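Asker: My questions all concern the structure below.
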Amino acid sequence: MCKYSIIIVTYNSENFIGKNLQSIFHQLDPKEWEVVVIDNSSTDMTVDEIKPGFQFVKLILNKQNIGFAAAVNQGFK
């Protein structure tokens with residue numbers, strides 16, 4: 001069981017999400033951390049940046065943009 005969680009909400013973040021996830025996993029022990037990414041219905045390639053190289057990420061895909069606070073609450077669940 002993970003001790004800590006990082007929750008990231010994305011929306012059209014393809015230029016940033018890959019570097020963000022790389023930096024997290026270069027610094028942290030994946031046995032103690034989990035990373036949850038909630039995508040708020042991006043229309044760019046954000047999800048495609050996450051799927052191939054970051055299988056360890058728990059990815060939640062929303063069909064519509066539900067806003068930042070609601071997406072963070074989703075990640076906590």
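Asker: In nm, to one decimal, how far is the Phe16 label point from the Thr43 one, both placed 7 Å along Cα→Cβ?
Answerer: 1.9 nm
Asker: Here is a follow-up. For the chain, evaluate the Debye formula with one uniform point scatterer on each Cα (no solvent term) and list log10 I(q)/I(0) at q = 0.14, 0.15, 0.20, 0.24 Å⁻¹, rounded to two decimals.
Answerer: Each listed q corresponds, in turn, to -0.41, -0.47, -0.84, -1.16.
Asker: Now, a different point. Report, in deg cm²/dmol and to the nearest 500, the calculated mean residue ellipticity at 222 nm for the chain, where each DSSP H run with n ≥ 4 adds -39500 (n - 2.57) and the sum is divided by the residue count. Mind dumping the intermediate values first?
Answerer: Working: 3 runs with 25 residues, N = 77.
After summing the helix terms and dividing by the residues of the chain, the value is -9000 deg cm²/dmol.
Asker: For the chain, how many pairs of lysine residues have a Cα-Cα distance under 19 Å, where the two are 8 or more positions apart or belong to different chains?
Answerer: Here the count comes out as 9.
Asker: Now a separate question. Using label points projected 7 Å from each Cα along Cα→Cβ, tell me how many nm separate Trp33 and Cys2, to one decimal.
Answerer: Here the answer is 1.0 nm between the modelled labels.
Asker: If I model a spin label at Phe76 and Lys51 as a point 7 Å from the Cα along the Cα→Cβ vector, what separation in nanometres do I get?
Answerer: 3.0 nm
Asker: How much of the accessible area of the chain, in percent, comes from carbon and sulfur atoms when a 1.4 Å probe is used? Please list the in-between numbers first.
Answerer: Numbers: 2760 of 5220 Å².
The nonpolar share, carbon plus sulfur, comes to 53 percent.
Asker: I need the chymotrypsin sites (Phe, Trp or Tyr not before Pro) found in segment 1-31, filtered to DSSP loop residues with at most 15 other beta carbons within 10 Å of theirs. Let's see the in-between values first.
Answerer: Values: sites: Tyr4, Tyr11, Phe16, Phe25; in loops: Tyr11, Phe16.
Passing both the DSSP loop test and the Cβ count: Phe16.
Asker: Continuing with the same structure: Give me the accessible area per residue for the chain, probe 1.4 Å, as a whole number in Å².
Answerer: Values: 5220 Å² over 77 residues.
Per residue, the chain has an accessible area of 68 Å².
Asker: What net charge is computed for the residues neighbouring Asp39, neighbours being all others with C-beta under 12 Å from the C-beta of Asp39, Lys and Arg scored +1, Asp and Glu -1?
Answerer: Numbers: positive: Lys51, Lys58, Lys63; negative: Glu14, Asp44, Asp48, Glu49.
Summing Lys and Arg as +1 and Asp and Glu as -1 gives -1.
The values are calculated or read from the model by the stated rules, or taken from the named source; none is laboratory data. Predicted model only: the values in this text are computed from it and were never measured. Glycine gets a Cβ as well: all are built from the backbone with ideal geometry, and neighbour counts include every protein chain shown. The protein model used for the area step is the full one, side chains on, heavy atoms only, and it has no ligands, DNA or RNA in it. Shrake-Rupley method; radii C 1.70, N 1.55, O 1.52, S 1.80 Å.
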